[in-house]
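*Asks:* One structure follows; several queries about it will come next.
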Amino acid sequence: MRTDVLARVAMLSLGHFNRAFLQSTGFSPHQYILRQRVALATELMQTTSRALADIALEVGFGDQSHFSRTYAAITGETPSACRRRHRQIRFGMAESDKPRTKPEIRDAWRAR
């Protein structure tokens with residue numbers, strides 16, 4: 001929903017609405033909506049196995065790329081890293097149970 005529409009509903013000027021919103025929430029209307037989308041996406045990533053592109057579209061992003069950039073900017077991690085981390089917590093993977101990377105496999109082979 002556009003900010004000017006929200007301002008009209010609240011019967012405030014656009015500038016006054018934006019200032020009041022920022023003062024009451026700590027975020028601009030746009031930032032607040034992005035954070036709400038990211039929170040919903042996080043919940044979907046943790047509770048479903050749906051593709052990230054589907055989740056991005058469902059929560060209101062135009063494409064997965066925009067979703068990933070925004071998600072990383074807000075949370076500090078990529079959506080796939082969040083999903084991977086949550087799966088490790090959810091399924092109790094120990095450090096030794098995690099899949100090894102190619103250098104780790106190569107080093108283990110050389111150590112034999």
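*Asks:* Among the residues of region 18-41, is there at least one that is modelled with pLDDT under 80 and touching an Asp or Glu at 6+ places or on another chain (Cβ under 9 Å)?
*Replies:* If we filter region 18-41 for residues that are modelled with pLDDT under 80, which is where we start, we get none.
Within region 18-41, not a single residue is modelled with pLDDT under 80 and touching an Asp or Glu at 6+ places or on another chain (Cβ under 9 Å).
*Asks:* Can you tell me how many residues in region 39-58 are in a helix (DSSP H, G or I), of a type outside the set (A, V, I, L, M, F, W, C) and within 13 Å of Arg84 (Cα to Cα)?
*Replies:* So the answer is 3.
*Asks:* Right, something else. If you scan region 64-75, which residues turn out to be more than 20 Å from Arg87 (Cβ to Cβ) and surrounded by 11 or more Cβ atoms within 10 Å (Cβ to Cβ)?
*Replies:* Start the filter on region 64-75 by keeping residues that are more than 20 Å from Arg87 (Cβ to Cβ), which leaves 65-66, 69-70, 73-74.
Passing the criteria: Ser65, His66, Arg69, Thr70, Ile74.
*Asks:* Out of (1) surrounded by 14 or more Cβ atoms within 10 Å (Cβ to Cβ); (2) without any contact (Cβ under 8 Å) to a residue 40 or more places away in the chain; (3) in contact with a helix residue (DSSP H, G or I) (Cβ under 6 Å, 6 or more places away or on another chain); (4) not hydroxyl-bearing (Ser, Thr, Tyr), what's the single condition that is false for Leu6?
*Replies:* It is condition (3) that Leu6 fails.
The values are calculated or read from the model by the stated rules, or taken from the named source; none is laboratory data. Note that this is a predicted model, so its numbers are computed, not measured. Note: ideal-geometry Cβ built from the backbone for every residue, glycine included; neighbour counts use all protein chains shown.
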